[in-house]
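Data block below; observations after.
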Amino acid sequence: MIHALDEAAERLGLHIGQPLANARAMCPDLKVFDADVVADAKTLSDIADWCDRFTPLVALDPPHGLFLDITGCAHLFGGEAALLQTLVRALARQGFAVGAAIAGTSVCARTLTRQTPGVIVADGGEAAAIDRFPVSALGADETITTGLRRAGLKTIGDVASRNPSEITARFGARFSTLLAHALGQGDAPINPRKPLPDYIVEKRFAEPIATDTMIAMTLSRLADTLIASMEKQGKGARRLEAAFFRTDGVVRAIMVETGRPVTRSAVIDRLFRERLDALADPLDPGFGFDMVRLSASRTEIVVQEQRDLDAHVHDNDELAALIDRIAARIGGKRVVVHLPQDTHIPEQAVLAAPAQHHLAVAMQAEWPARAESEPPLRPLRLFDKPEPVTVPFATVPDGPPHQFTWRRAKHAVVRVEGPERIAMEWWRQDGKQLTRDYFRIEDAEGLRFWIFRDGLYEGEVFDADGKPAPPNWYVHGLFA
Amino acid sequence: MSGARMSALATLRSQIERIETAEVGHHHDRVALGHSEVDHALKGGLARAAIHEVFCEGRQGAVATGFVTGLAGRVTTQRPLLWVRQDFSELEAGALSMSGLAELGLDPRRVVMVRAADVESALRTSADALACDALGAVVLELWGETRQFDLVASRKLTLAAQSSGVTGLLLRMAAQPLPSTAETRWMLRAAHSPPGSASMPAAPWSAWGAPRFDVELLRNRHGPCGRWIMEWKCDECQFSEPSAYPQPVAAAPAHRPDPAVLQQRRAG
């Protein structure tokens, strides 16, 4: 089956969907490559990235189309015609076969692109521009297109000349909306890939830049501008994105998040320096970047706090700034604070949450109070996954072990306290989990373990024949 | 010796003097641990604005963690504690449990944990954190011998701690002590719970008490070294001398003194 073809093949009369054997019969020396839908989608999204330089509103139109909303952007590139030319030439230079058109509505522009690429239609001229094209150019379902052709409506103009209610009754409301949009009556909003950032500043270079110092300088200047425009509205940035547009079309975007709104350009500067420093695959300038864009994709209103009198506020600010810096360097998920959870299962009792977002909550969290004048009942170090130990025998069936082997070392039990029975939450889990009996144990060396028996003796664990089997033992934690 | 050279020497000397006194200035800030002999050896307590190293064998990881937690609890009671750990140490010794931390009498709300992937980023993060004066203490937890933590890295941490006043605690599990610029260096081993007395025999199933540490002070820049048994009092949040009894014992009847108690009084 032919999935896609180039112009030369099209001229030979081949078409998409044709069986490969037929195509080979028509053209014996046909060059064939396997279709790779995933790679195609990736390429399309890369091109969309590159198109970000023209407008922040870029939408995908799979399998091989892109919508660019250039409202208010065209004048930056010398008008619509110049923009269209720049875009088509740049993409053609990168080796893509490209057709583009500009119109008041996205559907109309798509129809034009399929039929007469390079056309610019002024507002109001949509109907006139497309009425001579075949109905297939609208991009409706195959059944609708065939149905229209059977009804004798060959061109878009034919269909448009009918009463809209007839079309809706015969082909459905979706098609009539599509038609209306193509004719310039109303427009469906495109679905941009990225949400529009709140603030954008960018710098273009006639001569591409490549050195680290130039990149750093550009970023800090952009940060100044960004801060200045945010300051006017009393905003601070919570998420910042720097996009580096390489001359050969590759776009690299780097994101930095902060726990508190940033209002100083020096902070932005430092965060990006940390981030760029720590990148696993460093920024590769190639032949240089011809554009750098800094955008604040999430902003917040800044609440001014009285700083000088309250040292506590200062400390919290400092801590938040430190967390932001560390997070920029090693990733936000690697800096965590802890929130107590309402459960008695030891491994789920504490939730580690990113410190950037949960610092304030964690500082106010209510932890269960410890029992006064009791030794610690929970271990200081807890294994994520309990580690199995071998217990040769237990004197009392339900009792603690006398000795056990953990990590190939034997430990003789000297002191024991327990059991503390922890039953699993039967109302939550899908599968049945076993009841655990925990023992605090001290061995001959003075090391202290938190050991549990998984399952009640002769009550919960069974072997293949359905007979009671001895339960397994695990080390779950270590006491100080 | 010419006059110019003399004056140059004098300037250098005065500079050195100034640097030294500046360092000493910080060292006045000490916090008592609660164990009188240890505090005496430390000239009043653990120095703030300095680096302290705690070493242990691999299997004693939890013991050393407990000791470091205790030191951190003594150093700061209000300010946040940044705990930087390497991914690998969590696999080997288990993750630091906040429930366990709370059981030791510390406040888990003040702990911010950094999960560094490797030693290098852990070192860098802690150097950065030590320079932030909003923190009370920074704990750096490393597992095994590392090439990256050399004298230069150690000096960097010390300088950062001195300039900000934050205390740095290094938890080195499964590592051998090496020269460094640390103020103190400790070797930790597990200590038994106290045996029962004559009036309360050490039955194998008897209850046992607070965390105990067999602490060896290997290096002390401003005092003698030594080895002690220290106990951590969870309720008071401080160290103390080892208690002989794991549980509070009922007072001996006044008319018929307990021979064991008498013996002990004589010995003490």
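With respect to A:ALA352, is the statement that it is within 8 Å of chain B (Cβ to nearest Cβ), touching a residue at least 12 places away in the same chain (Cβ under 8 Å) and out of contact with any helix residue (DSSP H, G or I) (no Cβ under 7 Å at 6 or more places or on another chain) true?
Against the criterion (within 8 Å of chain B (Cβ to nearest Cβ), touching a residue at least 12 places away in the same chain (Cβ under 8 Å) and out of contact with any helix residue (DSSP H, G or I) (no Cβ under 7 Å at 6 or more places or on another chain)), A:ALA352 qualifies.
Being within 25 Å of A:LEU339 (Cβ to Cβ), of a type outside the set (Ser, Thr, Tyr) and either at the interface with chain B (Cβ under 10 Å from one of its Cβ atoms) or surrounded by 15 or more Cβ atoms within 10 Å (Cβ to Cβ) (or both): is that true of A:GLU425 here? It is false that A:GLU425 is within 25 Å of A:LEU339 (Cβ to Cβ), of a type outside the set (Ser, Thr, Tyr) and either at the interface with chain B (Cβ under 10 Å from one of its Cβ atoms) or surrounded by 15 or more Cβ atoms within 10 Å (Cβ to Cβ) (or both). All of A:GLN94, A:GLN85 fail the test of being open to solvent by 50 Å² or more (accessible area, probe 1.4 Å) and in contact (Cβ under 8 Å) with a residue 60 or more places away in the chain, apart from A:GLN94.
Conditions (1) within 30 Å of A:GLY65 (Cα to Cα); (2) assigned to a strand (DSSP E or B); (3) assigned by TED's automatic domain parsing to the domain that holds A:ALA128, marked per residue:
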| site | (1), (2), (3) |
| --- | --- |
| A:PRO208 | yes, yes, no |
| A:THR213 | no, no, no |
| A:ALA223 | no, no, no |
| A:GLN233 | no, no, no |
| A:ALA253 | yes, yes, no |
| A:VAL256 | no, yes, no |
| A:GLY259 | no, yes, no |
| A:VAL267 | no, no, no |
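Restricting segment A:333-349 to residues that are more than 10 Å from chain B (Cβ to nearest Cβ) and free of Cβ contacts under 8 Å to residues at least 24 places away in the same chain leaves a set whose member that is most open to solvent (accessible area, probe 1.4 Å) is A:ASP342. So which helices (runs of 4 or more DSSP H) stay within segment A:98-188 end to end and still have 1 or more residues that are touching a Cys at 6+ places or on another chain (Cβ under 8 Å)? Answer list for segment A:98-188: A:126-130, A:173-182. Do we have A:ARG260 as within 26 Å of the chain's Cα centre (by Cα), farther than 27 Å from A:LEU44 by Cβ, of a type in the set (Lys, Arg) and open to solvent by less than 40 Å² (accessible area, probe 1.4 Å) here? So A:ARG260 does not fit the description; no.
Filtering segment A:372-398 down to residues that are assigned to a loop (DSSP other than H, G, I, E, B), at the interface with another protein chain (Cβ under 9 Å from one of its Cβ atoms) and open to solvent by less than 50 Å² (accessible area, probe 1.4 Å), which residue is farthest from B:CYS237 (Cα to Cα)? Residue satisfying both the conditions and the ranking: A:PRO379.
Checking the structure you have, find out if any residue of segment A:1-20 is outside the structural domain of A:GLN115 (by TED's automatic domain parsing), of a type in the set (Val, Ile, Thr) and over 22 Å from A:THR111 (Cα atoms).
Checked segment A:1-20: at least one residue is outside the structural domain of A:GLN115 (by TED's automatic domain parsing), of a type in the set (Val, Ile, Thr) and over 22 Å from A:THR111 (Cα atoms).
For segment A:221-246, filtering for residues that are open to solvent by less than 30 Å² (accessible area, probe 1.4 Å) and either among the hydrophobic types (A, V, I, L, M, F, W, C) or touching a helix residue (DSSP H, G or I) at 6+ places or on another chain (Cβ under 6 Å) (or both) leaves 11.
Inside segment A:432-455, can you point out the residues that are open to solvent by less than 50 Å² (accessible area, probe 1.4 Å) and in a loop (DSSP other than H, G, I, E, B)?
A:LEU434, A:THR435, A:GLY446, A:LEU447, A:GLY455
The values are calculated or read from the model by the stated rules, or taken from the named source; none is laboratory data. Just so it is clear, the model here is predicted, and its values are computed rather than measured. Please note: Cβ atoms are built from the backbone with ideal geometry, for glycine as well, and neighbour counts cover all protein chains shown. Only protein heavy atoms, including side chains, enter the accessible area calculation; ligands, DNA and RNA are left aside. Shrake-Rupley method; radii C 1.70, N 1.55, O 1.52, S 1.80 Å.
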